[in-house]
1. Taking amide hydrogens as modeled 1.01 Å from N in the peptide plane, which residues meet the under 5 Å criterion relative to A:C350, leaving out close sequence neighbours?
2. Give me the one-decimal nm value for the distance between modelled label points at B:Y207 and A:D235, 7 Å along each residue's Cα-to-Cβ direction.
3. Report the trypsin sites (Lys or Arg not before Pro) located in region A:77-146 that are in a DSSP loop and have at most 10 other Cβ atoms inside 10 Å of their Cβ, or state none.
4. Using the Karplus curve 6.51 cos²θ - 1.76 cosθ + 1.60 with θ = phi - 60°, work out ³J(HN,Hα) for each residue of region B:59-64 in order, rounded to whole Hz, and write x for Gly and Pro.
5. From the helices alone, meaning DSSP H stretches of at least four residues, give me the mean residue ellipticity at 222 nm for the protein assembly as shown, per-run term -39500 (n - 2.57), in deg cm²/dmol to the nearest 500.
6. How much of the accessible area of chain B, probe 1.4 Å, is carbon plus sulfur, in whole percent?
7. For region B:229-240, in order, what is each residue's ³J(HN,Hα) by Karplus, 6.51 cos²θ - 1.76 cosθ + 1.60 with θ = phi - 60°, in whole Hz (x at glycine and Pro)?
8. To the nearest hundred square angstrom, how large is the accessible surface buried between A and B, total for both chains, probe 1.4 angstrom?
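The values are calculated or read from the model by the stated rules, or taken from the named source; none is laboratory data. From a predicted model like this one, the values you see are computed outputs, not experimental measurements. Cβ placement follows ideal geometry from the backbone for every residue including glycine, while neighbour counts extend to all protein chains displayed. Remember, those area values only see protein heavy atoms, side chains included, never the ligands or the DNA or RNA. Shrake-Rupley method; radii C 1.70, N 1.55, O 1.52, S 1.80 Å.
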Amino acid sequence: MSGPVRIVSEAAQTFSFSRRAAMLGAGQAGIGLLLAGRMGWLAVAENERYSLLAESNRVNLTLIPPRRGWIVDRQGRPIANNRTDFRIDLIPERIEDAEQVLLRLTRLLSLEPDQVERVRRDLKDARGFTPVVVAENLDWERYASVVVRQPELPGVAPSQGYARNYPAGAAVAHLIGYVGAASAEQYQEVKDPLYLAPGFKLGKDGMEKSLEERLRGRPGAKRVEVTARGRPVRDLETRRDVPGATTRLTIHAGLQEYAARRLGDESGAAVVIDCNDGGILAMASMPAYDPNAFSDGIGQLEWGMLRDDDHLPLVNKSVQGLYPPGSTFKPATATALLAAGVDPERVVYCGGGYQLGNRRFGCLGRHGPMNLHRAIARSCNTYFYAMGREIGIERIAAAARALGLGAEYPLPIPSQRYGTVPDAVWKERKYDQQWTQADTLNTSIGQGYLLTSPLQLAVMASRIASGRALVPRLLADAPVVGPSLGVSAEDLARVRAGMDEVVNGAGTAVRSRLQVEGVRMGGKTGTAQVRRIAGGARGGLNVPWKYRDHGLFVCFAPVDNPRYAAAVVIEHGMSGSGAAAPVARDILTYLYDRPKALESLAALEKGWGGDLRTRMAAKEAAYRQAKLAPDPAATPTPVAATTAQAAGE
Amino acid sequence: MRIGELVPAPLTRLPWHMLVLLCAIGGFGVVVLYSAAGGSLTPWAYSQALRFGVFLCMALVLSYVPAHVWGRVALPGYAITLVALLLVELLGAVRGGSQRWLDLGIIRLQPSEFMKPFIVLACAKFYDLLPPNETRRLGGLWPAALLIAMPAGLVMLQPDLGTALMITGGGLTIMFLAGVPLRLFIGGALAFALFVPLAVNFLLHEYQRNRVLIFLDPESDPLGTGYHISQSKIAIGSGGLFGKGFGNGSQVHLDYLPEGHTDFVFATMAEEWGLVGGLLLILAFMLLIRWGMGVAQRAPNRFARLAAAGLATTIFFYVAINLMMVMGLAPVVGIPLPLVSFGGSAQMTTLICIGILMSIDRAATRQPRW
């Protein structure tokens, strides 16, 4: 019985095997087709995508930072250019032993301890392929010493590029600004890989910042075939960078440097404007930092020194410093008087002050009978008190605005300050108080609420000198804007005659007369109170520096056909005639008689202790000494080094 | 016909179609390894070629072993291999670290490799011994399940997910062919579908789990575990229709493709030979496997039938798992492409399978003449 069953069963089994083997074979063929299909999909349909990915694996694209456009002066002389730069960076991702590498680099590049500390700090914050700067501006020997050892120093990336160079150094610091590596926030904002390229710098301040777009250029690219571990195999084609556009300024480089040097150790600003087209010929603010050092990134110590300095070397005083114009405002008041129809020959008797109710407003002298001309020349407060009160604040404010005060100009300079031209509406809004006659009196002589920047004072001078509402320009290709001021030629001539008298007649600045054949300078001194000192005492030598009066001077030359206008402000200089006018005289002298101007500067600099660079270096050395001396830990290393050297000899 | 008259009979009886195919695949593998080494016979191509020759001779020798011998050695061989697997596990435990091979002084043996053919032979032998009407009962199920579970479990412990899968697959194939009810497979497949997510979460090692998770989304970890799959797909995809040309594959020559000479050798090949090379290789493997399945159809008895189909399917598993892995259809489980990937173990296992298949084929073709 079991026999036949077994036979049937075995036949069934064989049949079942054949069926199932066929199923298995079909399954295998199906999977075979699936694999073939998948491969076709990858290699044909997705080919483009994967080819790109393979290419981006294979090719390492290194951006070459573009050479920054030059900034040149009106005659094409460089104010900011580029020099070859040898630099060493670290790529955090590729470093194997950070301490070891740092140790070797410290020895090879003879790095200072605080530099090593900075690198160590930067490395901690850095990630991936963002390079960390080790050293820039290396000389060829030190650079080469690292290059030859590069294979033993994974993560070290030497490169050769261009660095920003400012030939005039600190003299152009506030005018031009400086460049620096992009911050992490800036990169996050734009996500431009260029921002991570070693050696790429962008404008951080001044015109470098505001003209960033035209100065930057387009980066080049170096394509290198690399292995998965980043080892370069061969160079592929390289695309050159497109340098940024050269930008020409209205600045006169020589004059700019002269003005900065002439300001000396004072804290102040000088601005010179071309009366033909409103072009700014010089705009100096001192003291200043060295933009070359800033562009390389400065140390904690240097930064501390600049920050702690009470002469504010980090502030561009020519557009950000606001000062009461003091008596330099009187020509503006004078145009307001003439416009209001005041007879210039009308006489006000100066008995040394002006009585308003029970309050007395003082004058610096007892000038006797004053008309407009003499009042400007002698800077008589009494005259302007009386006349200003008569025409009222609105007319004075209107004249001040017409002359360019209280305004911001279309200049490629970040953060200009407007200052204040006060009037009744302004006071109401600002202090919620009524305008008083006393306010009008104070404003008439450039005190009170009135605040101006040195640039605005220079614009005022240029407008009085030219009779046109010149708008200052810095870019050579900026349009010339100079419509008529709307003041009659006769009125302007009267004001200018008063200013001529200031310098060349019986005025306050006769000692600063221009020593140039055939050229006379007209001007107006100003001494602005820094704080109200009881009893009418002025801030002179008997008070601490920071409470002393500011010295101001506005001027133009030649008197009969003005070509140049200038303003000089010396913070806490005590008087306009003593501190500011001589500076303005020398600056204008430079424009007419360069050797003479340089000669007088040379004499002055000898007295000050060397030229700008020497003095800045000395100051820094002294600061460093003072900061490091009390710290005994910092000294042993150099001592030990000296001893070893001595022993070696 | 004419060849039959000119060449001695023992030679004409060799399965020449298959041998040509085999040598073509092996030879192509050597060529690919030559390129992978940057156009050099060392370190891979030369020793691969040498080993291929040695193992091919071994396969030819195996082909002269009478087919019924395989039935006799199936269970003892399985038992010895299982003991060796256990030994490996114990040694690993003693030495504190996972280990996959036994060092016998002269050679290192990897018992899990031998288990791939022996699980097939053992299961085939079991179903050969089993009375036919038992096949569909429980008695025909659990011994086979145990035969599979023991080695698979031991290999899993090593841990070697790929080999464990292949052992399980080989055993299951025999069960399927032997006539175990279809519903069990369907039910098993469903259970498996439920089990996998659980296994991934609770049974697999951390690195295995990562591989599975990253397989599902390779781009989530392009520089870590997903790197293998991503780079492999880039190599295959960038090869295009005709490839980048011999010796021009940037992915492998610049070291972007990891394991470009072992598990991911197919990607190395595809980058340089393109879709054309890949399809030809897949076709060659499919023909080789079809020959194996054909041997099974012709085989003289139940054991030989089951064994032949199982061995052919073992080769199929190698190819299928490896290709799915390199093309991003399966997680990276470390299964090489037989005969092409550099490495002796898979080469040996594959040629043992081929040798046994030839031996069965010889029995099948001789039988009608008797």
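1. Here A:H367, A:G368, A:M370 satisfy the definition.
2. 4.2 nm
3. For trypsin sites (Lys or Arg not before Pro) across region A:77-146 that sit outside H, G, I, E and B with at most 10 neighbouring Cβ atoms in 10 Å, the list reads A:R127.
4. Rounded to whole hertz, the list is 4, 5, 4, 4, 5, 8.
5. -17000 deg cm²/dmol
6. Details: 11180 of 15840 Å².
Whole-percent figure for carbon plus sulfur exposure: 71.
7. Here the 3J(HN,Hα) series is 5, 4, 5, 5, 5, 4, 4, 5, x, 7, x, x Hz.
8. 3700 Å²
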